[in-house]
1. Check the range 87-97 and report whether any residue there is modelled with pLDDT under 90, within 18 Å of the chain's Cα centre (by Cα) and open to solvent by 20 Å² or more (accessible area, probe 1.4 Å).
2. Go through (1) part of a loop (DSSP other than H, G, I, E, B); (2) under 25 Å from G138 (Cβ atoms) one by one and return the number of the condition R103 breaks.
3. Given (1) open to solvent by 20 Å² or more (accessible area, probe 1.4 Å); (2) assigned to a strand (DSSP E or B); (3) at pLDDT 85 or above, identify the lone condition not met by D74.
4. Specify which of the listed residues (A156, A168) is aliphatic (A, V, I, L, M) and in a helix (DSSP H, G or I).
5. Say whether the condition of being free of Cβ contacts under 8 Å to residues at least 60 places away in the same chain, closer than 14 Å to L44 by Cα and in contact with a helix residue (DSSP H, G or I) (Cβ under 8 Å, 6 or more places away or on another chain) is met by at least one residue in the range 75-91.
6. Does V60 fit the bill of being modelled with pLDDT under 85, among the β-branched types (V, I, T) and part of a helix (DSSP H, G or I)?
7. Of the residues that make up the range 16-35, is at least one at pLDDT 85 or above, buried (at least 19 other Cβ atoms within 10 Å of the Cβ) and assigned to a loop (DSSP other than H, G, I, E, B)?
8. Taking the residues in the range 132-159 that are touching a residue at least 40 places away in the same chain (Cβ under 8 Å) and polar (S, T, N, Q) as candidates, determine which candidate is nearest to E169 (Cα to Cα).
Amino acid sequence: VRETDPLVLYRDHPLMQAEGLGKNYGRLSACRDVSFALYPGEVLAIDRSEERLTLVRETVKRLGLSSVRTKALDAAGPLPPDTPLFDRILVDAPCTGLGTLRRSPEIKWRLKSGDTKTLAKQQLAILRNLSKHLKADGVMVYSVCTVTDEEGPGVATELLRQAPGLRAEAPEDAARIA
């Protein structure tokens, strides 16, 4: 089962709405001088793994960014009561990774029969929980690297059923996010 990259919650920073800190070094480097100067705000990267957050902190330090904080949390559980509302939330959710089989064929040997269902439940818990911390006009991006209906579309459909205040946008409408 593929572990997630750190979840990234953005507040008051429109140019950084859909970038994962760990794997988007180039984009962050390009944005360092321009976007953080023009749009001062806050980026909060959260992950259950302190080890992965250490990698994020190293990248942030290397880039000289001061607006990025990290916090070890399980996003499927309640966030601390002082957690603010965010303009944008990127959920790079834990998934089976079946969309990366060509690049990572060993995945098929690691998966067990119940993994898809277990991960779909975890994804839904994360999305449901984080949606409580999204501003009314905010945008939450849900990303998985899998091709199963149960994980991607199934989770999104169930989230919309459980949270009627949310609405989905097709990827071609994603330009509105920026």
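1. At the first step, the residues of the range 87-97 found to be modelled with pLDDT under 90 are 87-97.
Next cut, within 18 Å of the chain's Cα centre (by Cα) only: 87-97.
This time we only want the ones that are open to solvent by 20 Å² or more (accessible area, probe 1.4 Å), so: 87-88.
Yes, the range 87-97 contains at least one residue that is modelled with pLDDT under 90, within 18 Å of the chain's Cα centre (by Cα) and open to solvent by 20 Å² or more (accessible area, probe 1.4 Å).
2. (2) is the only condition that R103 fails.
3. Unmet condition: (2).
4. The match here is A156.
5. Yes.
6. Spelling it out, V60 is indeed modelled with pLDDT under 85, among the β-branched types (V, I, T) and part of a helix (DSSP H, G or I).
7. no
8. Taking the candidates together, the pick is S143.
The values are calculated or read from the model by the stated rules, or taken from the named source; none is laboratory data. On a predicted model such as this, the values are computed, not experimentally measured, just so you know. Virtual Cβ from ideal backbone geometry, glycine too; neighbours counted across all protein chains shown. For the accessible areas, the whole protein counts, side chains as well, though only heavy atoms, and no ligand, DNA or RNA atoms are used. Shrake-Rupley method; radii C 1.70, N 1.55, O 1.52, S 1.80 Å.
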